[in-house]
Amino acid sequence: MTNQFDPLGEQPFISHLIELRDRLLRVILCVLLVFIGTAVYANEIYQYLAEPLLQHMPKNSTMIAIDVASPFFTPIKLAFVVAAFISVPYILYQFWGFVAPGLYRHEKLMVLPLLIASTVLFYAGAAFAYYVVFPLVFGYLTSAAPTGVAVMTDIATYLDFILAMFFAFGISFEIPIFTIVLVWAGITTPESLADKRPYVIVGVFVVAMFLTPPDALSQTLLAVPMCLLFESGLLFSRLFVGKRRDG
């Protein structure tokens, strides 16, 4: 009778689970520690993120809180999101520490720069939304209110809106990473993507139309960077394919 228990196969699996648990606990601890610091300044952080809207609201108009607990929970929710946002580099570091031992050398040389670049691009997308898009969006929306309608945005609704915008623009700025990964995985080639450029440009402007107010300026301000990011993804994917073929 053969022994059904394989200690050599079972032990590495358990050790991987233990390592995964430890790294998840480190991530949670990091987010909680950062949250303690951001919670102290929750109201100040919310005021900073509300500034693009407040600058365009009519005179003597203010934001409102519809729910009784909103003045407390909304800034706290934002503080937690900001804590997770700040912790992204450490989260990716833990992810890298978990997957790196199982990668080949050439894969390590590729994955680590992609992780770093994706983090920087996501932050850049969020910054672009705050400093470029938000002033245009809120300037248009507040001026479009009918006569006799007081513009007084609920703080919880505003938070949900800007978080969705941050996420949308952060993901949009990952276009070069998506392009490089598609080429790296062999799903497509830079030449094939270049041939589809007209369709990509049309798709980018359609996406920009849904993410911005219905005016040509704000749509262009989003679509043009996305097109440039697509072109940069093509450029780096060509360089990567060339190096891989030479190797």
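The values are calculated or read from the model by the stated rules, or taken from the named source; none is laboratory data. Computed from a predicted model, the values in this text were never measured in an experiment. Neighbour counts are summed over all protein chains in view; Cβ atoms, including those assigned to glycine, are modelled from backbone coordinates with ideal geometry. Surface areas here come from the heavy atoms of the whole protein model, side chains and all, with no ligands, DNA or RNA. Shrake-Rupley method; radii C 1.70, N 1.55, O 1.52, S 1.80 Å.
Here are the numbers for the structure shown:
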| read-out | value |
| --- | --- |
| Ranked by how many other beta carbons lie within 10 Å on average, peptides 162-173, 191-202 from highest | 162-173, 191-202 |
| Residue (of THR188, THR142, PRO71) at the positive-pole extreme of the chain, dipole from beta-carbon charges | THR188 |
| Cα long-axis angle, helix 134-143 against the chain (0 to 90 degrees, to the nearest 10) | 30 |
| Within the stretch 108-226: Cβ-based charge dipole about Cα centre, in debye rounded to nearest 20 (Lys, Arg +1; Asp, Glu -1) | 240 |
| Principal-axis tilt of helix 42-54 within the chain, Cα atoms, nearest 10 degrees | 60 |
| Simple spin-label estimate for THR119 and ILE14 in nanometres, 7 Å along Cα-Cβ | 3.4 |
| Principal semi-axes in Å for the stretch 92-161 [√(5λ), Cα gyration tensor, largest first] | 44, 13, 6 |
| Long-range amide H partners of GLU174 with built H, under 5 Å | none |
| Carbon plus sulfur fraction of accessible area for the chain, probe 1.4 Å, in percent | 71 |
| Descending semi-axes in Å of the chain, equivalent ellipsoid built from Cα gyration tensor | 40, 29, 13 |
| Cα-centred dipole magnitude for the chain, charges only on beta-carbon of K, R (+1) and D, E (-1), debye, nearest 20 | 480 |
| For the chain, accessible area per residue (1.4 Å probe, heavy atoms of protein chains only), Å² | 61 |
| Helix-only mean residue ellipticity at 222 nm for the chain, each DSSP H run of n ≥ 4 adding -39500 (n - 2.57), per residue, nearest 500 | -26000 deg cm²/dmol |
| Using alpha-carbon coordinates, inclination of helix 197-211 to the longest axis of the chain, degrees | 50 |
